[in-house]
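All of the numbers you see were taken from the coordinates with simple rules; none came from a lab. Source: prediction; values computed, not measured. Cβ coordinates were reconstructed from backbone atoms using ideal geometry, including for glycine residues, and neighbour counts include every protein chain displayed.
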Amino acid sequence: MIKRLGFIINPIAGMGGKVGLKGTDGEEIVKKALSLGAKKVAPNKAKITLKYIKDNIDGLEILTYPGDMGEEECKELGITSIVVGNINMENTTYLDTEEAALRMVEKKVDLILFAGGDGTARNIYTSVGDRVPVIGIPAGVKMHSAVFATNPLNAGKIVVDFFNNTNVEIRESEVMDIDEEQFRAGRVVAKLYGYMNVPYEQAYVQSLKAGGIYSDNICLEGIADYVIENMESDYIYLLGPGTTTKKILERMGLPYTLLGIDIVKDGEILVNDANETEILEIVEDKKTKIIITPIGGQGYIFGRGNQQLSPKVIKVAGKENIVIISTPNKLIDLKRRPFLVDTGEEDIDRMLEGYYKVIVGYDETYVYKCSY
Amino acid sequence: MSKDVKLRDFHQAKWDEPIIFELSIPGQRGILIPEVDDEIKDRVGNINEIVPRNIKRDKRPVLPEIAQPQVLRHFLRLSQETLGQEINIDIGLGTCTMKYSPKINEQFVRHHKFSELHPLQDEETTQGVLEIIYKTEALLKEISGMDAFTFQPGGGAQAVYSNASILKAYHTDRGEGKQRNEIITTVLSHPVNAAAPHTKGFKVINLIPEGDTGYPSLEQLKSVVSEKTAGMFITNPEDTGIFNPLIKEMVDIVHEAGGLCVADIADANGLFGISRAKEVGYDMCHYNLHKAFSSPHGSMGPCCGAQGVKDFLAKYLPVPIVKNDGEKYYLDYNRPDSIGKVRKFYGVIAAVLRAYCWIMAIGADGLKEVSELSILNNNYLMKRLLTEVKGISAPWSEGQFRMEQVRYSWEKLKEDTGVGTEDVERRCIDYGLQEFYQSHPPYLVPEPFTPEPNETYSKMEIDEYANIFKKISEEAYENPELVKTAPHNASISLIHQSAITDPEDLIVTWRVYKRRKGLK
Amino acid sequence: MSNKKNIVYPYMPNSVDSIKKEMMDELGIRSIDELYSYIPKQLRFQEKLNLPEPLLSEIELKEHVEEILSKNISCDENINFLGAGCYRHYVPAICDEINSRSEFLTAYCGGTYSDHGKCQAIFEFTSLMGELVDMDVVGLATYDGGQATCTSLRMANRITGRNELLVPRTMNPEILSQLRNYCDSMTITLINFNPKTGQIDLNDLKNKISENTAGVFIENPSYLGFIEEQGEEIGKIAHEHGAIFVVSADPSSLGVLEAPVNYGADITCGDIQCLGMHMGYGSGQSGYIASKDKPEYIMNFPNHFYSLYENDKGEFGFSRSLNQRTSYGSREKAVEYLGTNTGLWAITAAVYLSLMGPEGMYDLGRNIMYKSQYAIMVLSEIKGLKVMFSDSISFKEFILNFDESSKTVEEINKELLNRGIFGGKDLSKEFEELGNSALYCVTEVTRKSDIDKLANELKGILG
């Protein structure tokens, strides 16, 4: 069977970084970046990845997009590629990325490799969803999504691993982005757009020597059971997004939304996928606990993907009623970085700073720091 | 002296030895029991009629029947397929202090004046062994600065349990037994510091290292101490070999909150004469006499966790305590506040006797020499590994010297070559090394490797050790499959064992194996 | 450094100045204390430890230690009738030969490949014990028989979710003390015994057992020596109430006495010191736990399991398995806690059982029972003492009561000691209801002449 890789570069990704612009989404900004002397960074990063792939896989068919969206880079490395689609060579936009990704899916590639940042990841997600596995070469300014390899070389290794090994683990990983306008104004409004399927980087899979520690799933069940056993009937529970928190509802036999806020009281669902207004209407001044899990690889507990849990909501619940749950592996994967918060209100962020007893298993706690 | 120690062309003994039951030949005997005197038989009558019928065993146990030379040969072969400390450069099993156990001490332990002592003999006939216990206590008191010791716990873990028992008794006596139900420990402390207090009924809170230091911050500790805090169980240095310089402040914070502080000094090898439990302010501690104090590890015991406490806790120690009335030594059982027994009799006194001999053979200067050489050896090995071996790193406190051991990471090697720490571990056996200790879970350090080159290894051996890992790293970059399919020169080849997670798959007895296989 | 004498220590190869210097040069330091100078000053021990002057040569050390040891009088020198949890059985020479081997003596936690032989020996220990107790699952040896009892009863607690334990009033007081410490979160109730036989009072058991009972425990033979004959009834009562039946069995009796599983035991436990270990003033203790092959039992063992695997070449290998149960696998989430136990004694017991075989274990039990019955007969004839629980059958221990004598056990034992005999363990403090009594023990190493001498001396002392 022919191995087929889709390869897409967002050539303007990452240009804003060095000239102090936070991202390059939008034509004006690209012009501004160029006028400030910004140079394209994504193509060079992508070439590192590509070279490694070339040297380590035989018989791989690479589908790419014209010009500096992949075609040129392949040529420079002496790689024969199949070019699909057309672009305006002078001025590529996010629509080109979306179109490219769509074509790749249609051509039945096994894996899509792209170079870019969060904006690019979002575009890819719009076209691909969970239909084809994806891995990102980190080349953007913003990279809050968990779909990127740790560096371009490792992206190459993941691709090689994907095609050469039969049992590569695929994980659902977050696609996140923040509003650049607001970001440039110093405010971060991040959103969780969804999950893409990403081959897991083997180097960071912790070694389970002869059945060493419990698997993630057993930890998750332990966490969920412990939280369920300790639920009090006079509290309203707000459960944030993510597979960790939703394990609780799954084990309670309740319906849930993976990306939304679900509200529970007395073992019953009050609302699924509640927005801020609905949350505030329900909790009013009632005793409320918020159950959340940090975003994998990033560590955000508020302000990324759960904006519905707004400063007002947090204030009603109170810091002491924030319950953070996480598998030990998820904490280890943060690589010693603290949890982060970014609610948009500095005093709330400051209030949330400090140490939390994170539930990591049944009746098992690690103390973890949160900064802003 | 050159570092170019030649690597060995090693092959471990490979006997393909059958399971003992497969050697059975009906009728053979390994040893005989003397026939009962006729006079006794005449007097007692037929014993088969005396054994109560409803509890008489009618069928013999299905043990193998093997003559003496074959039993000896079988177990000698198994011994040859085992890499004891005495026959290899056993630097790998870090946290365990695999040091030389002086052979002369084995002679003492196997002398009938010790081995044939019954623990309940009249004290008049055990003055020698009581003197050893009493004097060893005195030595450990000085070494630690603690005020009283017991040797009853049968290992380090049981000593931690015994400390947790004393902690509970202390708070209960003060009327705070129910309220103070939380134990604080660090995630890098030996897991028993979480497990033993939990077994005693405490809730456990784990602190985790922050930033690049390798230890938790004071703010982190402050955020969890409260009126519920019963105490802190902590190891310092932890397996990283980084001495936590905030330890005194941490102890003070716990004390101010009304908790007690318990040190796990299972591995004291970097601390002799350098830093004592007393000066840190600990209330209790324990030493593993089978680690830093030279008693052999015995294929995982028997061993001794020497438990030491401050004066105000001494009344809780397990019974009995050895005392001296000025003329003779005696066992004091009259201790109403004691937590009782944690092990039968007085503990593994063989380990105490060996520890006594070991301390007496080197003295105060020698003890400090032990620690200084351990630290020197360790930093020498670290320098060689970090500068000469590709793919290895030592996370936390980078650039700083370490105490007696280091937790390294093969993360880079795995990233570069796909060869991980498990592969390296299996491969090092091919060069005549015992495998190495990776880490206690959770693996905060990815692809971990924790060697401990204590004072009983020579520079030449440490160089050989470093050269082996240099070689294995080269192999990983050049021919990763060679490393991934190791061992090639060990007693058995690679077993593709996915860890058993289902009890239905467990086979711990031959009878179960035979049943599963449908064998008779 | 400077104030230290320049001593080269035989145990420390790098204590030679020139080697130290070479290594220090490599690290760019002038003195070793630079390596730990970051330890805060107030935590540094500034003085020299106040310890006795060392005995640097092996000759001096040997003289010193042997002089201390010479103050002991061992059971090789006296006739011994002490038991009570630590026994003087014969230790075959091969047991000592194997456990003196450097490879086993100084190995530790090495695994499947580097310590294949050790792993196999441990698998053989659990397999041989499995045959002796007729059960499928045996854990790696634990600290001692007391710990084995404690853990077995906490297993019962976890499996049933119940919190009460019923144990015999006659049980080993040391183990009861361990149990009170280890199971302090549970209620421990003592079951009365029949004053004539020592046997469990079944009516008392029926009155005390309830739906809260996690485990019913007995020792067989009992601490006080008699064989408990009602095992089957006790097991039935326990099971009728959903409780787990735990029996501590002396392995040296299992050639002649039924394996507890066959009269209903769910867990069998005990001490293996009798299987090839010297007494060593109590150093030889080591516990075993065995259970049925059921997941709820298996997952509640806190000890390592060495499970058998076969590889592509048909080789057997052994690997620590189901580690998530243990505290090495999951810290406080684990089943109790785990640390270094008594591995060398497990290997030694494997050697012992391999030598003994089925006939050896039968002969051993038979020999001991002959001796104990003989001793009881001979001693019963002495005026001033009586054998207690004489309506029951003893295995290797029995109680001599001296109420009719004017002398205390302590006085009698002093006089026996003067005659080269270690008399039985004084029970008068721990079992007041038994009066002025002592627990005597005979084994296969007790000679007929030893028993006869004891009888003669007691006649003299009491007469």
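Cross-link partners of C:Lys313 among aspartates and glutamates, defined as those whose alpha carbon lies under 18 angstrom from its own and excluding same-chain residues fewer than eight positions apart: B:Asp16, B:Glu17, B:Glu81. The angle separating the long axis of helix C:343-380 from the principal Cα axis of greatest extent in chain C is about 30 degrees.
Per-residue mean of other chain beta-carbon atoms within 10 angstrom of the beta-carbon, peptide C:60-66? Kindly include the intermediate steps, with their values, before the conclusion.
Values: counts 2, 8, 4, 0, 4, 14, 5.
Per residue, the average neighbour count from other chains is 5.
Helix A:243-252 axis versus longest C-alpha principal axis of chain A: approximately 40°, rounded to the nearest ten. When C:Cys109, B:Cys261, C:Cys86, B:Cys304 are sorted by how many other C-beta atoms sit within 10 angstrom of their C-beta, beginning with the fewest, the order is C:Cys109, B:Cys261, C:Cys86, B:Cys304. For the stretch B:1-128, the C-alpha radius of gyration divided by 2.2 N^0.38 Å, with N the number of residues, is 1.73.
Taking beta carbons within 10 Å but only from partner chains, what does the mean come to for residues B:86-92?
Details: counts 6, 4, 5, 0, 5, 0, 2.
Across the residues of B:86-92, the mean count of other-chain Cβ atoms within 10 Å is 3.
Where the centre of each part is set by its Cα atoms, how far does the stretch B:221-299 sit from the stretch C:184-218, in angstrom? Measuring centre to centre over Cα atoms gives 42 Å.
Treating each Cα of the stretch A:208-325 as one equal point scatterer and applying the Debye formula with no solvent, the log10 of I(q)/I(0) at q = 0.22 Å⁻¹ comes out as -1.31.
Just to be sure I understand the curve: with the Debye formula and one point per C-alpha of the stretch B:109-358, what is log10 I(q)/I(0) at q = 0.13 Å⁻¹? Scattering profile of the stretch B:109-358, log10 relative to I(0): -0.77.
The simple spin-label model puts a point 7 Å past each Cα toward its Cβ; for C:Leu27 and B:Glu398 those points are separated by 2.1 nm. Spin-label pair B:Asn54-C:Ile59: with each label point 7 Å from Cα along the Cα-Cβ axis, the two points sit 6.9 nm from one another. Across the stretch B:86-95, coupling constants 3J(HN,Hα) worked out from phi with the 6.51/-1.76/1.60 Karplus curve, θ = phi - 60°, read 5, 10, 9, 7, 8, 6, x, 7, x, 6 Hz, and Gly and Pro carry x. The spacing between the stretch A:88-162 and the stretch C:142-178, judged by their C-alpha centroids, is 61 Å. Would chain A count as rounded, prolate or oblate if I go by the C-alpha gyration tensor, calling it rounded below 1.5 in a/c and otherwise prolate when a/b exceeds b/c, oblate otherwise? Since a/c reaches 1.5 and a/b is larger than b/c, the shape of chain A is classed as prolate.
For q values of 0.04, 0.05, 0.09 Å⁻¹, compute log₁₀ I(q)/I(0) with the Debye formula on a Cα-only model of the protein assembly as shown, without solvent. Debye intensities relative to I(0), on a log10 scale: -0.27, -0.41, -1.22.
DSSP finds beta bridges in the stretch B:109-358, and of those with both partners inside it, around 40 percent are antiparallel.
How big, in percent, is the set of alpha carbon pairs in the stretch A:3-204 lying more than 29 Å apart? So the portion of pairs separated by more than 29 Å is 16 percent.
What ranking of B:His118, C:His304, B:His11 emerges when the number of other C-beta atoms within 10 Å of each C-beta is taken as an exposure proxy, fewest first?
Working: B:His118 27, C:His304 23, B:His11 12.
Arranged by neighbour count, lowest to highest, B:His118, C:His304, B:His11 become B:His11, C:His304, B:His118.
Against the globular-protein guess of 2.2 N^0.38 Å, express the Cα radius of gyration of chain C as a ratio, rounded to two decimals. Present the calculation step by step, with values, prior to reporting the outcome.
Details: Rg = 26.0 Å, N = 463, 2.2 N^0.38 = 22.7 Å.
Cα-based Rg divided by the globular estimate yields 1.15.
What shape does chain B take by its C-alpha gyration tensor, where a ≥ b ≥ c are the square roots of the eigenvalues and a/c under 1.5 counts as rounded, a/b above b/c as prolate, and the rest as oblate? Before the final figure, lay out the partial values.
On the way: a/c = 1.63, a/b = 1.08, b/c = 1.51.
Note, shape of chain B comes out oblate.
Among A:58-66, A:323-331, C:429-437, the peptide with the highest mean count of other Cβ atoms within 10 Å heads the list, and the full ranking is A:323-331, A:58-66, C:429-437. Estimated from helical segments only, the mean residue ellipticity of the protein assembly as shown at 222 nm is -10500 deg cm²/dmol, where each DSSP H run of four or more residues counts as -39500 (n - 2.57).
Taking θ as phi - 60° and the Karplus parameters 6.51, -1.76 and 1.60, the scalar couplings of the stretch A:353-365 work out to 4, x, 10, 10, 8, 7, 7, 10, x, 5, 6, 9, 10 Hz in sequence order, x denoting glycine and proline. Net charge in the neighbourhood of B:Val483 (other residues with Cβ under 14 Å of its Cβ; Lys, Arg +1, Asp, Glu -1) is -4. Enter the angle in degrees (range 0 to 90, nearest 10) between the Cα long axis of helix C:17-27 and the first principal axis of the Cα atoms of chain C, meaning the one along which they spread out most. It works out to around 70 degrees. Label reach from A:Asp130 (point 7 Å along Cα→C-beta): in the stretch A:142-171, amide nitrogens under 12 Å belong to A:171. Just to confirm my numbers, what's the Cα centroid distance between the stretch A:298-362 and the stretch C:354-407 in Å? Cα centroid to Cα centroid, the span is 71 Å.
In plain terms, the bigger the Kirkwood radius, the slower the diffusion; for the stretch C:93-353, with that radius from Cα pairs, at 10 °C and 1.306 mPa s, Stokes-Einstein puts D at 85 µm²/s.
Ranked by Cβ crowding within 10 angstrom, fewest neighbours first, how are A:Ile223, A:Ile57 ordered? Please report the intermediate quantities before stating the final value.
Working: A:Ile223 27, A:Ile57 17.
So the residues, fewest neighbours to most, are A:Ile57, A:Ile223.
In this calculation the C-beta distance from B:Lys520 to B:Arg73 is compared with R0 = 30 Å, giving a FRET efficiency of 0.75.
Would you mind getting me the FRET efficiency between B:Lys203 and B:Asp38? Use the beta-carbon distance for r and R0 = 56 Å, nearest 0.05. Efficiency at R0 = 56 Å is approximately 0.25. Positive-end ranking of C:Cys274, A:Val84, C:Ile59 along the dipole of the protein assembly as shown, with charges on Cβ about the Cα centre, is headed by A:Val84.
Anisotropy class assigned to the stretch C:13-68 is oblate, per the alpha carbon gyration tensor with a/c at or over the 1.5 cut-off and a/b no larger than b/c. Fully extending the segment from C:Glu232 to C:Val16, taken as 0.36 nm per residue of separation minus the present Cα-Cα distance, adds 70.9 nm.
Which entries of B:Lys141/B:Lys278; A:Lys54/A:Lys335; C:Lys371/C:Lys407; C:Lys383/C:Lys407; A:Lys265/B:Lys228; B:Lys470/C:Lys118 show an alpha-carbon separation above 19 angstrom in the structure shown? It would help to have the intermediate numbers written out before the result.
Details: B:Lys141/B:Lys278 10 Å; A:Lys54/A:Lys335 31 Å; C:Lys371/C:Lys407 26 Å; C:Lys383/C:Lys407 13 Å; A:Lys265/B:Lys228 29 Å; B:Lys470/C:Lys118 29 Å.
In this structure, A:Lys54/A:Lys335; C:Lys371/C:Lys407; A:Lys265/B:Lys228; B:Lys470/C:Lys118 lie more than 19 Å apart at Cα.
Summary of packing: across the peptides C:184-191, B:313-320, the per-residue average of other C-beta atoms within 10 Å ranks them, highest first, as B:313-320, C:184-191.
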